[in-house]
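As structure tokens, the structure follows; a few thoughts come after it.
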Amino acid sequence: MNTSRFYGPNENLPVVLAFVMGIQHFLAVIGGVIAPTMIISGAGSSTLNLPQDLRQYMISASFIVCGVNSIIQIIRFKIYKTRYYIGCGILGITGVAFANLPAAEALISSMYSNGMCPTETLPDGTINYLPCPDAFGAILGTQMVCGVVGVLFSFLPPRVIRKMFPKIVTGTVLFTIGVSLIYSGMKNWAGGSGPCMNRPESGDFALCPTIHAPNPQIWGGAVNFGLGASVFFTIILVELFGSVFMRNIGVAIGLLVGCIIAAGIGMFDGSSIAAAPAGTFLWVRTFNISVYGPGILPFLFTQLDMIIETLGDLTAASDVSGLPIEGKEFEERCQGALLADGLGSIFSALATSMGVVMFTQNNGIIAVTRCASRIAGLVCAAFLIIFGIFGKISAAFLAIPAPLIGGMTVFLFASVAASGIRILSYLEWTRRDRVIVAASLALALGVALVPSWFSNVLPRASDDNPGLQGLYDTVNAIVSTSYILAGLMSVILNLILPYEQGEGEQGKTLVMTGEKRSSLPVAERVTSTHGDEKRSI
């Protein structure tokens, strides 16, 4: 029986205890904080292909932005002479949202296809995708515009938002996002998504990442497979045999084990660490901010997903912190969390980072340690900012071989898909439910498996008609993005398909009573406020 003291959200902590608790939360979230930025800035046909120094800055910016937004969420500020708040006021850590990746990849892929991002054809016929920092500027500008939606939604009652996004929609979309992300994770596991993926017989990209890297390997070879597997299966072994605390930081442990193995076989390149500045901060490097029309709808869906995710994450965090998960106090926390995330998306873009959202990875730490004090969260946020300021730390993450990142992110992304399955499990699975889910997944998974299926449907507009080409690009971005198709199909079918006889909309929203209690999207329910182990995905 656990008889240790429970520290509530507003209780002070001894200095040493605060430091230890903050470190634990930091280890639980660090994998999720760095993964989206590392993936989107790397090599591939739908990523930015940026040089190492610029990637290092982007990771530093992500750390700092996540730390600043975490502080805002944790402290919570009341807007002067109003009943509205900015922040949730509990131990909630923010990280770069995984939902950014599908929209960002769709935007970048479109810009490479239409020539806005440069490419070159190598002598062996391989297409080399050149650095495209302006595409990231377009991502940031589009994200800023769509972030206004998050701000506006924060002023709606949470019950209205839950009514707008029933579990049949949120579960389907979340599952599809997870599946589409696994696609990029598996490519990294095999060696990366750059030109070496085509396995040319000669040239710089005959091996991954290039033949000039330390101990390069062929794409999909045994060494790359083994490195990714070392991370993936270490996470599982920790889950099987580790302590409760170890299981909550299993991702960090798996990545550490993989790094030790990679270092042992000489696959780490320390040149980027040596070249990185000792210190850095926001706006040391900048991007040309613009708004890319075809990316607006994908990023609107991203914002809606982040709204749903924040509500779910906040529910889990409140419950495990011993706070109510319904009523006026909880609704005020929902409003404050949504407004902080909406403003955070705008601030993140201005601070050269993709949008952030509340994480749930650290909720298990609260349950195990029985410490929900906001002081621990502020210490964690301070560590995030410090890691961002020290540039060589960010450069060290970039030195990690792609297969290790792949092994880690495949597990993280599969957890996102599992969260969608969890939500769908609450359906009654009537014939109507099956039709909606089947029709939505048919198109969404088809696009995820065959991303180029719509590439040749629309003609290329003439050079003197850029407006028409912009429309074509928008349609192509929508139809080629799996989670947008899943969202559109599920929303439309949920509105137009009639209910069966005796079945109504009662009970169809995300708030349930009885044995299932309150179940919001994304977060898995924890068992009780002070039980042994409680976790959320």
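Going by what's in this entry, would L50 be described as of a type in the set (A, V, I, L, M), buried (at least 16 other Cβ atoms within 10 Å of the Cβ) and in contact with a Pro (Cβ under 8 Å, 6 or more places away or on another chain)? Don't jump to the end; show me each part of the working.
On the way: of a type in the set (A, V, I, L, M): yes; buried (at least 16 other Cβ atoms within 10 Å of the Cβ): yes; in contact with a Pro (Cβ under 8 Å, 6 or more places away or on another chain): yes.
The answer is yes for L50.
Could you list, in sequence order, all residues of region 84-103 that are modelled with pLDDT of 90 or more, among the small types (G, A, S) and closer than 17 Å to I346 by Cα?
Selection gives G87 alone.
Free of Cβ contacts under 8 Å to residues at least 60 places away in the same chain, assigned to a helix (DSSP H, G or I) and surrounded by fewer than 17 Cβ atoms within 10 Å (Cβ to Cβ) - does that describe any residue in region 453-465? Talk me through it step by step, then tell me what you get.
Taking region 453-465 first, the residues free of Cβ contacts under 8 Å to residues at least 60 places away in the same chain are 453-454, 456-465.
Applying the additional criterion that residues be assigned to a helix (DSSP H, G or I) yields none.
Scanning region 453-465 turns up no residue that is free of Cβ contacts under 8 Å to residues at least 60 places away in the same chain, assigned to a helix (DSSP H, G or I) and surrounded by fewer than 17 Cβ atoms within 10 Å (Cβ to Cβ).
Could you check how many residues of region 60-119 are of a type in the set (A, V, I, L, M, F, W, C), assigned to a helix (DSSP H, G or I) and more than 19 Å from G377 (Cβ to Cβ)?
Here is the first cut: in region 60-119, the residues of a type in the set (A, V, I, L, M, F, W, C) are 61, 63-66, 68, 71-72, 74-75, 77, 79, 86, 88, 90-91, 93, 96-99, 101, 103-104, 106-108, 111, 116-117.
Right, trim to assigned to a helix (DSSP H, G or I) and you get 61, 63-66, 68, 71-72, 74-75, 101, 103-104, 106-108, 111.
Cutting the leftovers down to more than 19 Å from G377 (Cβ to Cβ) gives us 61, 101, 103-104, 106-108, 111.
Within region 60-119, residues that are of a type in the set (A, V, I, L, M, F, W, C), assigned to a helix (DSSP H, G or I) and more than 19 Å from G377 (Cβ to Cβ) number 8.
When you scan region 378-428, how many residues do you find that are of a type in the set (G, A, S) and in a loop (DSSP other than H, G, I, E, B)?
Narrowing region 378-428 to residues of a type in the set (G, A, S): 381-382, 388, 391, 394-396, 399, 402, 406-407, 414-415, 417-420, 425.
Subset that is in a loop (DSSP other than H, G, I, E, B): 399, 425.
The total comes to 2.
If you scan region 282-339, which residues turn out to be surrounded by fewer than 24 Cβ atoms within 10 Å (Cβ to Cβ), modelled with pLDDT of 85 or more and part of a loop (DSSP other than H, G, I, E, B)?
Hits for region 282-339 are L282, W283, V284, R285, T286, F287, N288, I289, S290, V291, L323.
Of the conditions (1) over 30 Å from P209 (Cα atoms); (2) touching a helix residue (DSSP H, G or I) at 6+ places or on another chain (Cβ under 7 Å), V410 fails just one. Which one is it?
The one condition V410 does not meet is (1).
Would you check which residues across region 118-139 are buried (at least 23 other Cβ atoms within 10 Å of the Cβ) and either more than 22 Å from L350 (Cβ to Cβ) or not small (G, A, S) (or both) and list them?
The first filter runs over region 118-139 and keeps only residues buried (at least 23 other Cβ atoms within 10 Å of the Cβ), leaving 135-136, 138-139.
Once the filter is applied, which keeps residues that are buried (at least 23 other Cβ atoms within 10 Å of the Cβ) and either more than 22 Å from L350 (Cβ to Cβ) or not small (G, A, S) (or both), region 118-139 yields F136, I139.
Out of all the residues in region 198-242, which are part of a helix (DSSP H, G or I), in contact (Cβ under 8 Å) with a residue 24 or more places away in the chain and aliphatic (A, V, I, L, M)?
Within region 198-242, V223, L227, A229, V231, I235 meet the criteria.
Restrict the check to region 45-64 and report whether at least one residue is of a type in the set (G, A, S), over 27 Å from V173 (Cβ atoms) and at pLDDT 85 or above.
If we filter region 45-64 for residues that are of a type in the set (G, A, S), which is where we start, we get 45-46, 60-62.
If we keep only those that are over 27 Å from V173 (Cβ atoms) too, we end up with 60-61.
Still in the running and at pLDDT 85 or above: 60-61.
Taking every residue of region 45-64 in turn, at least one turns out to be of a type in the set (G, A, S), over 27 Å from V173 (Cβ atoms) and at pLDDT 85 or above.
The values are calculated or read from the model by the stated rules, or taken from the named source; none is laboratory data. A quick note: this is a predicted structure, and the numbers were derived from the prediction, not measured. Note that we place each Cβ from the backbone using ideal geometry, even for glycine, and neighbour counts take in every protein chain shown.
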